[in-house]
Structures are given as C-alpha cells and as structure tokens.
Amino acid sequence: MTPMLLQYFRVKEENPGCLLFFRVGDFFETYGEDAETSSRELEITLTAKDSGEGNKIAMAGVPFFALDQYLHTLVNKGYRVAVCDQVEDPKKAKGLVKREVVRIVSSGTVTDPGVLDGSKNNYLMCLFYRMQKASFAVCDISTGEFNVSQIETADLNIVREELERWRPSEVLLDISLNESLIPDYLLSEKIPYSFVPAFPSLPESHEIIKKCFKLDTIDCLEISSSQESLLCCASLVSYLVDTQKSTLLTLRRPKFFIKSDYAVIDSTSKKNLELIETIVGRERKGTLLWALDETLTSMGARLLRNWILSPLIDIKPIQERLDAVGELISSWNTLSLLRDYLKNIQDIERLLSKAVFASANARDLYALGRSLKMVPDIKVLLSKCKSQLLQRMSLMNGMEELTAYLESSILENPPATLRDGGMICDSFSAELAELRSIRHNAKSFIAELEERERERTSIKSLKIGFNQVFGYYIEVTKNNLKNVPENYIRKQTISTGERYITEELKNYESKVLGAEERIKALEFELFNLVRLEVLKYSEMLREVAANIAVADVLLSFAIVSSTYGYSRPEIIEDTVIEIKDGSHPVVERILSSVFVKNDLFLDGDNSLSIITGPNMSGKSTYLRQTALIAIMAQIGCFVPASFAKIGIVDRFFTRVGATDDLHLGQSTFMVEMLETSNILNNATGRSLVILDEIGRGTSTYDGMSIAQAVAESLYADIGARALFATHFHELTSLADRYEGISNRRVAVRETSGEVVFLHRILKGASDKSYGIYVAKLAGFPENVLQRAQDILDHLEASACENDTSLEQQSYVSEKEPVKYRKKEPKQQLTFFAGSDSNPVIDEIRKLNIMEMTPLQALNKIYSWQISINKFGGGK
C-alpha cells in the first residue's frame, strides 16, 4: 500500500469498532469497508483510490467544513466515528503529514449545538450493576451536567425506570453483566451500548476524579461515601478523556440525584400521561411539555423538560417557585423586560462546551459575548423582585469582565472558519493592526507606483497587475518596449507585449503576501488565546446559565398561567386532592369547542372513586387531567382550575389503554397485569393511582374479579388516592360497602333516541355504557347495529327474569359489611331435576375431557343433544 494508506489502517487498527474519517487536504476520507459503509449510510458517492502497484481501494469522502453534519447522521444510526486530523502544517511537513485521532464521536459524545436538539439533554450513562445494586453516572458533555443515582434492588424494572428518567443517548455497561440482565429498554429504544472492559480500582478512581474536577480530596463530593458511585464516575470520566482526547473537560462536580427528593413517575405513566411525547407518533405537540413551553432559550427548554419528569415533593422549593411565578404575573413590566433580554441569549452551556473541546469558532465566542451582555440587566431586574428564588438568582456573577474581553477581541459577524482570518479586532494586537495596515495600503501603494512609473518611462499604457502564478508584475505593450528602463526584469512574454518586475515591486510583494499569511496565522493564535481565557470562567458561566434557565422556565409558567387563566395551587402535606373547575391543559388548548370543567375531591377518608360512563364521554380525560394538575402543581406552575389543593404525591401511577409488547412476547392482558402489578407492589398511601379499564383483557368474570380485588387492595391495603374508571358496573356496589369509596359518573342526555355526552362528572353510578351508540358514531352498518340492539334487549330481559345479574353475584368479603348476598340461581331446565339417575349426567361426571380431541367433544355433545331431546320431551 501507499504510505498514506498504511498510516490510515494503522490508525484504524488502534481504534476498533469505529468508522475512521481521515483528513486529506480539504476532505475527510474513508477507505475499504468504512468507505462502503459511509457511502451507504450517508448516501455519498463511492469511488476508488490508487492503493499502490496499480491496485484500487474503495473510497468515500466529505468536505471538512461539513463533517459535523455527516457525523450527526452516523451517530444517530448507532455508529462510533474516529476523526483523524492533520496535526502539523502540510507545508512544513517532511514527508508524510502527521495525523492523529483528535476525537471519537458517538451518540453520547456529540457537542455541536448545530446538530443537537437544544430542547433536551444528550446524556451519556455508565451503568454499574453488581450484587443487586445499580449505580448510574450520567453526564451531558454538551452542557457539563454530571449526575449520579443509585438503587439497591434486584428488580430490573426499577433499573428501567432510571433509564427512562434519564433517556440516555448511549450507555456504557459492565463487561461482566450477564446478557440476560441487559435492560430491555436499551433494546426496545435501540440505544447504542458498549462494554467497559474493566472498571478502575478504587484508588485509581480517586485519582481520576480528583484530576478531572481539580480537587485535592474527594471528601467534598456527595458521592465520596459510595464506592460503586465512585467507580462508575471514574469509568465515565476515563471514557470521555479517551474519546475526546482532552483532560480539559470542565464538567460540573458529580451531584447525587436522590430519588426521595422527587416524585416518581414510572415509564408507563410518562407515556400514558403524554408528558413529553404523544403515544401516537411520539410527537411533541399534544404533550404537557408542549402546553407549558414558552421558553426562549435552549437552556430553559431543557430545564422545563427535566422539571416535568421530576416533580418536587418538598413543599418549600415548590412554594418558592410558585411565589416567583405569582410575582412575575403581577408585574407584567418585569416579565416583558426579562423576556426581551432572554430573546438575545443563546445556548451558553453548549457554547462553553464547544470552547472546552476546541470545536468553537469565532462566531460561537461572539455569540457568547453578546449573550453575556444581557446578564447585568437581568441581575438588576431580578434584584428588584421580592420572592426569595428570584432574589437568589440576582446574586449570580454579572460576567462584565469576560464580556468586555470578548467584545475587545472578537470582531462583529466573524467568518465561520478559523484559518482565513477576519475574526480578531485590531485593538487586541498591535502586531495584527500593523499587518492589516500593510495589507490595507497595498492598493494605494500599487496605484501610486503605477502612476510614478508612467511618468518616469513616459509609457502612458503601463499598468501593474497581479496573478497567483507570478504575483505582481508591470505590463508593457509591444509599441512601448523601446522605452522600458534598464532596471525592469523581464518575467513573461504575452501576445500583446511583455511583463516585467522590479526589485521594489518584488520586495513589496514579499511584504504584502507575507503580511497576509502572517495575519491568518496570528489570528488563529490569538483566537486560541481567547478560547483558553473563556475556559477560566467555566464555573461562573455554568452558574449563569443555570440561573438563566430557571428564570426562563418561571417566565414560561407565568406566561402560560396568565394567558389561560390558571390559578395558584395550595400545596399541603395532607393527602387531600381537591380541584374545582379543573381542565386538561392540553385538550383544552386543542379543543375547538368549550371544554367542560369538573371538580374532584379525594383524601385519606375518601381515597377511591369509581367512575362509570360510556366510551368517548370524557372519563379518560378526567383521569389524566387530575394527574397532570398534580404534576403541574409540584413543579411550581399554576394549574388549570379555579381552585386546587394538592397534598404532595410521592408516586404517580397510571394504567390506561391496552397495548401489546409483541417484541417481548407479551399479550395485551399480560402487559395490563404487569403494569397493575407494578402499581400494587410500589404504591403508597401518598401515591396517586389512575386506572382505566382494569380486567377487560380477559373473560368477564375473571376481569371483574381482578378489577374488584385491585380496587379493594388500593383502598384497604394501600390507602392510595385512586381514580378507577370501569365498565364493570357491578363494581359500583363497593361504594355501598366501603365508606371511603365513592361513585362518579359521566352525565348523559337521551332525547328522541339520540344520546348526548355532556362530559360533566356527577356523583353516583352510571347504569348504561351506550356501547351501541358509540358503534353508531363509528359508522357500523345499520343491520349490525339493529342486531346488537336485539341481542342486548334479550340479555337484559333474561337477566331481569332470572334475577341473576352480575352485580348480585359479586363477591363480598366476610370482613366487610354485607350489602348484597349471592342468590341461588333458578333452575332453567327441568332436565336437571333429579339428575342423580340421569345417564347423561352420569356420563358427564365420569368423562375425562383432558384426553378428548375437539372432534370427539363435538360428537359427544351431539349425542347428548339427542338424549336430552328424548329425555326432556324437547323442552
């Protein structure tokens, strides 16, 4: 192979598992199998290159300035890419240009704001799972955020919950992890994962962490007492150092994410409540996030998302947020001014990260400087506020020093590239100013020289030109060659005359061209000095970014609350949930008609409400809005109700709808049972449980039995606040036996054979489901609707005649007061009277049905039918 290809494959061998992008001139190229993969995945041309001795090798490449866009495409498809760049000037290289891998890009290590979704974090996670204990180190290198959480459980469902909480883009796993223990979440969500060959030892972990976070001791860290967390953090830091080829990570110090500080919303509930993405289409519009998001910065958008997924359970910080929102609503001038300032602030966190990883350009630093100019004005506004949270935020650093430095160093509207100059202010460097002066005066100098030479030689057509081959030259036509002075040195003959140079012109050319080259090199050097200066302010910049994000979210809450008439909720420690005129924050926004508002009251003595009513009447909306109102209250936002008193909820559970997890081999009913099991095993007396149609995935009797048992357990064993929507009207009898269970129904108006769903929730139980009417709305053929009505009339008449309704047969616990007793069913066939002597009955008793085929069973039934007709006279 050629020396360059040998270099390529040596680097490729040093970076297994990566696609290698290799800098050659103005392109990043790939060869061999990597070229074929790149061509296929990026839809770029596959060509060939001479590999030596007349052989060819596959090649595909992309322009260097477009690399990040192509990298984004590849990492989104799960690839890891090693970027091998030239680390010396090709003009100064002796022989083969030296190249090194400058970074390895994967799903969790992307830093470019241009290819990242600014509204959400891009987390890289390291999972350490041993001895029934799981530790998680979670980092977003594009913002510097670094979190740690830990759970002590053998239940992989809890591990899945943590994965759902963080939603990492990439996961590092312990290589000793059994394949069966790899969380199915990674597989179902197609999240790239790789294995850590070996976790560092504890002493090594201490040194890695101290070096990364510039500490003399780790005792000051929250994670210092957890050996597993230390190993996990050190492994993640080592991975970042290896892939980013830098020790200047400037990450925030690891912070323990303590689950007890936040309400738990399991993965099923996040999906069912459509907090951040819709069930259908997984879109943002139609979610709680969409309804509450009026943020103006990417930092605020990310924080809002995190707040929604992690509601607080400590009343004090909730009240502080509510106080701030209330003050902003009442002071519209402050709110408007703050929003005007925030409009001019870009993503400070990710701009800083680009500077950290040396991928920032002059436009990034200029944007950072412009953003920081808003900070002093924001501080002044916040300092005038009365709420404690806004007051504390006003104490952030004003960043005046760094702002002035950036303003004095970076030109306005600089170019996107770093090698072409035009980005540093003249005032920042005396040498740069002098060189630019030389370049600027070149045109006037040439014009003066041209005029002088015309007068000296009396050649009026003489002109001075420039091209890339010969540089500056003096051009004289053929008719004037006799007047050319002796000091002119002939350079080139052309059809119209001759071109010459002089010592003076040659010296000036060297000076001008040297200045141009020196300007570019000097500006690049100065830019790197500016970038390194920015890194000195990393900690302060992250603090400013965090405060701006909080301000942005609170302003968003204030805008939404004011616009849609939301009210401040009362947050208490008690178990009361009382809502008056409540509405669904998303449905109300989307609905073209007037939203019907409803009330709710639950507490420790009235903890479970059974809701009955037809499909499409609003039961599910009522259930979901209750949970959403509680979540909104606990993240510090006003709520869509005229009054709301919310007793802190520690865990939110929902069991809504039915879906198959076919890729896991689970049926609709199995999924339903697993989700319900999770609720029964983890709910507490402070939880809020939303159940919609438990037990409908199996037979009527089985389903009703399970539904009743679940309802009784939630009430009697757990004491959780629960809303239980059902079509098993028989369950409404529980309200007559338990004081703390109540019935609610959806109001329906029937007029002239038509049914109108009023969407109003009233006390009491519904006696109809109106399923046939819903079928009519769905467009069932008339003959099918009529047949269904006939069958329904027959079944209802039969139930009345036999007095054997399911409600009267429902199971009654002997421990509870008895309202209904199971009645003995009436004999319907005289054939069974005195059946002790009946030959068919005798045969049925002796029959071993487990050994019969379906055909044998049908034949047997047919023979019985003949016997019964003979024995019973056809009755």
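The values are calculated or read from the model by the stated rules, or taken from the named source; none is laboratory data. Note that the coordinates shown come from a computational prediction; the quantities given were computed from them, not determined experimentally. Cβ sites come from the backbone with ideal geometry, for glycine too, and all protein chains shown count toward neighbours. Surface accessibility is based on the protein's heavy atoms, side chains included, excluding ligands, DNA and RNA. Shrake-Rupley method; radii C 1.70, N 1.55, O 1.52, S 1.80 Å.
Leaving out same-chain residues fewer than 8 places away, which lysines sit with a Cα under 21 Å from that of Lys12? Answer for Lys12, where 21 Å is the Cα cut-off: Lys49, Lys56, Lys77, Lys98, Lys245, listed by chain and number.
Largest first, the three principal axis extents of the alpha carbons in the stretch 319-411 are 42, 23, 20 Å in whole numbers. At the residue level, Arg490 shows approximately 150 square angstrom of accessible surface with a 1.4 angstrom probe and all protein chains present. Once the convex hull of all Cα atoms in the stretch 1-140 is built, its volume per residue stands at 142 Å³.
For the chain, the per residue solvent-accessible surface stands at 48 Å², with DNA, RNA and ligands left out and a 1.4 Å probe. Computed from the C-beta positions of Asn606 and Tyr701, the FRET efficiency with R₀ = 35 Å rounds to 0.75. Rolling a 1.4 angstrom probe over the chain with all protein chains present gives an accessible area of which 51% lies on carbon and sulfur atoms. For trypsin sites (Lys or Arg not before Pro), the sites in the stretch 315-381 that DSSP calls loop and that have at most 10 other Cβ atoms within 10 Å are Lys343.
The listed residues Met4, Met670, Met393 rank as Met670, Met4, Met393 when sorted by accessible area, largest first, using a 1.4 Å probe. Annotation: lysines with alpha-carbon distance below 25 angstrom to Lys259 (same-chain offsets under eight excluded): Lys120, Lys133, Lys270, Lys271, Lys316, Lys645.
With a cap of 13 neighbouring Cβ atoms within 10 Å, and only residues DSSP puts in a loop, list the trypsin sites (Lys or Arg not before Pro) found in the stretch 527-575. Intermediate values should be presented prior to the final figure.
Values: sites: Arg531, Lys536, Arg542; in loops: Lys536.
Sparse-neighbourhood loop trypsin sites (Lys or Arg not before Pro): Lys536.
Other residues within the sphere of radius under 14 Å centred on the Cβ of Ile571, judged by their own Cβ, net out at -3 (K and R +1, D and E -1).
When the Cα atoms of the stretch 391-469 are enclosed in a convex hull and the volume is divided per residue, what value in Å³ results?
Values: hull volume 12.3 nm³, N = 79.
Per residue, the Cα convex hull of the stretch 391-469 comes to 155 Å³.
Annotation for the stretch 571-646 versus the stretch 359-421: alpha-carbon center distance of 42 Å.
For Lys94 and Glu450 in one chain, what is 0.36 nm times their gap in residues minus the Cα-Cα distance, to one decimal in nm? Can you show the working numbers first?
Details: separation 356, 0.36 × 356 = 128.16 nm, distance 4.07 nm.
Here the segment from Lys94 to Glu450 would lengthen by 124.1 nm.
Given a Förster radius of 60 Å and the C-beta distance between Lys491 and Glu222 as r, what FRET efficiency does 1/(1 + (r/R0)^6) yield to the nearest 0.05?
According to the calculation, E is roughly 0.20.
Under a point spin-label approximation (7 Å from Cα along Cα-to-Cβ), what is the Arg282-Gln865 distance to one decimal in nm? So the label points at Arg282 and Gln865 sit 5.2 nm apart. Our estimate of slack between Gln388 and Glu43, defined as 0.36 nm per intervening residue step minus the Cα-Cα distance, is 118.7 nm. The listed residues Val241, Val101 rank as Val241, Val101 when sorted by accessible area, largest first, using a 1.4 Å probe.
Counting only DSSP beta bridges with both residues in the chain, tell me the antiparallel percent, nearest 5. It would help to have the intermediate numbers written out before the result.
Details: 67 of 104 bridges.
Here the antiparallel bridges make up roughly 65 percent for the chain.
Got the relative contact order for the chain handy, in percent, Cα pairs under 8 Å and 6 or more residues apart? Write down the numbers at each step before the final one.
Values: 1438 pairs, mean separation 74.3, N = 875.
Reported as a whole number, the value is 8 percent.
Translational diffusion coefficient of the stretch 517-591 at 4 °C, 1.567 mPa s, Stokes-Einstein with Kirkwood Rh over Cα pairs, in µm²/s as a whole number. Estimated via Stokes-Einstein, D reaches 73 µm²/s. Peptide packing: for 132-138, 250-256, the average count of neighbouring Cβ atoms within 10 Å per residue gives the ranking 132-138, 250-256, highest mean first. Solvent exposure of Leu202, expressed as accessible area, is near 60 Å², computed with a probe of 1.4 Å over the protein chains only. Taking a ≥ b ≥ c as the square roots of the eigenvalues of the alpha-carbon gyration tensor, the stretch 291-360 is classed oblate because a/c is 1.5 or more while a/b is no larger than b/c.
For the stretch 164-288, would you read off the P(r) tail past 27 Å as a percentage of all alpha carbon pairs?
That fraction is 34 percent.
Where does each of Lys49, Lys482, Lys211 land when they are ordered by accessible area, with a 1.4 Å probe and the largest first? Before the final figure, lay out the partial values.
Numbers: Lys49 50, Lys482 165, Lys211 145 Å².
Listed by decreasing accessible area, they come as Lys482, Lys211, Lys49.
Where in the chain lies the longest segment free of GluC sites (Glu not before Pro) that are both loop residues by DSSP (not H, G, I, E, B) and have at most 13 other Cβ atoms within 10 Å?
Longest run free of exposed loop sites: 574-738.
Positive end of the dipole of the stretch 421-539 (Cβ unit charges, origin at the Cα centre): among Leu526, Ala430, Ile464, the Cα lying farthest that way belongs to Ile464.
Each 5 Å bin from zero holds the following percent of Cα-Cα pairs in the stretch 92-144: 4, 14, 18, 14, 11, 11, 10, 7, 5, 2, 1, 1.
Projected over every direction and averaged, the convex hull enclosing the alpha-carbon atoms of the chain yields 56.9 nm².
Within the shell defined by Cβ-Cβ distances under 9 Å, the residues around Thr278 carry a net charge of 0, with Lys and Arg each +1 and Asp and Glu each -1.
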